[in-house]
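Everything on this sheet refers to the single structure shown next.
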Amino acid sequence: MNNETRKYDIRLFDQVLTIVSDEPKEHVLYVAKYVEDTMRQISLSKAPDLSVSKIAMLASLQIASQLVKKEEQYRFFEKEILSIDRLLSSADPSI
C-alpha cells in the first residue's frame, strides 16, 4: 500500500462501481475480476433466476469461507514452523 487514495471505476456483474482504494490499480482490477468470476460461477451453477444481490451475498460467503480456510492454514503452518524452529534451536550443535 502506498497510502495514496485513488478512485477506480470498475464494471462488476454488468454494473459500474466506483472503488476508492489505496491499493494499486492492478490489485483492484484483480480483486474485481475475482469477485466477478465468483459471481458468474454462482450465477451459472445455481438457479439462474437468483437476484444480483443474492448472487453477491453467496459470492461474499464463498470468498469469506476461502479466506478463513487460508487463515487457518496459515496459523497451522506458523505453529509448525515455530515447532521446527524450537527443535532446531535445542538440537545439539555438534551433530
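Worth pointing out:
- Residues in segment 36-54 that are of a type in the set (A, V, I, L, M) and closer than 17 Å to residue 67 by Cβ: 39, 42.
- Where a residue in segment 22-44 is more than 13 Å from residue 63 (Cβ to Cβ) and its partner, wherever it lies, is of a type in the set (Val, Ile, Thr) and assigned to a helix (DSSP H, G or I), with Cβ under 7 Å and at least six apart: 43/55
- Scanning segment 8-35 for residues that are modelled with pLDDT of 95 or more, touching a helix residue (DSSP H, G or I) at 6+ places or on another chain (Cβ under 9 Å) and under 18 Å from residue 64 (Cβ atoms) returns 34, 35.
- Scanning segment 1-31 for residues that are surrounded by 10 or more Cβ atoms within 10 Å (Cβ to Cβ) and in contact with a Phe, Trp or Tyr (Cβ under 8 Å, 6 or more places away or on another chain) yields 19, 21, 25, 28, 29.
- Any chance residue 44 is within 30 Å of residue 13 (Cβ to Cβ), modelled with pLDDT under 95 and not in a helix (DSSP H, G or I): no
The values are calculated or read from the model by the stated rules, or taken from the named source; none is laboratory data. What you see is a predicted model; the values in this text were computed from it and never measured. Reconstructed Cβ throughout: ideal geometry from the backbone, glycine too, with neighbour counts over all protein chains shown.
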